[in-house]
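The values are calculated or read from the model by the stated rules, or taken from the named source; none is laboratory data. Note that the structure is a prediction, hence the values are computed from the model and not measured. For neighbour counting, all protein chains shown are included, and Cβ atoms are generated from backbone atoms with ideal geometry for every residue, glycine included. Calculation scope for accessible area: heavy atoms of the full protein, side chains included, ligands and nucleic acids excluded. Shrake-Rupley method; radii C 1.70, N 1.55, O 1.52, S 1.80 Å.
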Amino acid sequence: MSYAKEREQNIARNKALLDGLGINPLKPKIEPKENLRKKVAVKKRKSPSPESDELEEPPKKASRLADDSNEPGRARRSSRLAGKTVDYKQEQDRGVPEPITIKRAQKVKVGQLKSKRTYDPHRYGHIPDVEVGTWWATREDCSTASVHAPWVSGIASGPNGAYSIALSGGYDDDVDEGYAFTFTGSGGRDLKGTKTAPKNLRTAPQSSDQTFEDRNNAALQKSVDTQKPVRVIRGFKGKARSKYAPSEGYRYDGLYLVKKAWIEKGLNKGGFLVCKFAFIRMPGQEAIPVNDGGDDEFDE
């Protein structure tokens with residue numbers, strides 16, 4: 001069977017599964033349009049985690065140095081510091097973020113970004129003072145706001161289920177109907193990459209089966225049993241397949257429940273197994289805005 005045909009069948013099956021969860025009563029008759037934002041230029045950074053995509057840091061520009069002495073052996077100093085006394089000890093303070101403490105009482109206003117977290121992201125349910133619909137430019141900003149802590153991983157696992165997940169493109173046969181969606185788990189990829197593409201990480205092809213022994217998949221499976229709410233952020237990379245994804249950046253779309261977990265043959269060349277999950281949105285939350293679609297076509 002061709003890849004396109006198999007993808008079509010998987011999408012149809014996933015849509016039928018979501019329809020069975022009863023999502024239609026959750027959808028408003030008139031869906032609000034998103035507030036368009038200008039594209040944000042995100043500065044590349046080197047990933048802080050071994051599970052993250054490694055991005056090369058740009059080469060440092062050579063400083064313009066001026067020799068303020070003709071004496072041989074004298075150290076060369078920057079021309080901008082000529083004639084000045086520099087307190088190098090004070091200049092070494094880089095403002096390293098403080099760890100989370102329960103004593104910090106100052107709250108984060110909606111949409112406000114801080115260099116340190118006010119709330120511990122390892123909690124179930126909403127983060128205080130972060131409203132449904134809050135938007136951020138980057139995953140790092142989502143982490144700072146404590147809504148979804150990992151910068152790269154799509155699943156934040158906890159002892160009684162997942163705390164949060166990020167929808168950001170996903171797998172080709174995943175279906176996002178806004179108020180319910182299917183989600184493919186983690187694992188099955190060689191994070192070391194290959195000799196020609198070292199540390200390929202999240203873009204590496206699947207080379208083994210996913211299992212519920214993976215801690216992230218195990219957390220989502222646990223969510224089915226505990227019915228602990230899971231925070232969901234949607235990213236712009238999903239806009240090619242879902243009108244509910246933001247056109248830019250990342251948006252907090254509220255709390256969902258994991259209603260089903262199963263394993264099936266994945267949509268990959270090796271036919272390796274994947275862990276799948278079905279989510280449904282909890283009622284009583286703000287409506288999800290839809291994008292204008294642009295030039296993208298959505299699967300109907």
Give me the 1.4 Å probe accessible area per residue for region 210-300, excluding ligands and nucleic acids, in Å². 45
Label point distance in nm, K237-V132, each placed 7 Å from Cα along Cα→Cβ: 2.6
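Which FRET efficiency, nearest 0.05, do T211 and R7 yield, Cβ-Cβ r, R0 30 Å? Write out the running numbers ahead of the final one.
Details: r = 23 Å, r/R0 = 0.77.
According to the calculation, E is roughly 0.85.
From the square roots a ≥ b ≥ c of the eigenvalues of the alpha-carbon gyration tensor of region 145-192, which class results: rounded (a/c under 1.5), prolate (a/b over b/c), or oblate? Show your work: numbers first, answer last.
Working: a/c = 1.67, a/b = 1.08, b/c = 1.55.
Oblate, since a/c reaches 1.5 and b/c is not below a/b.
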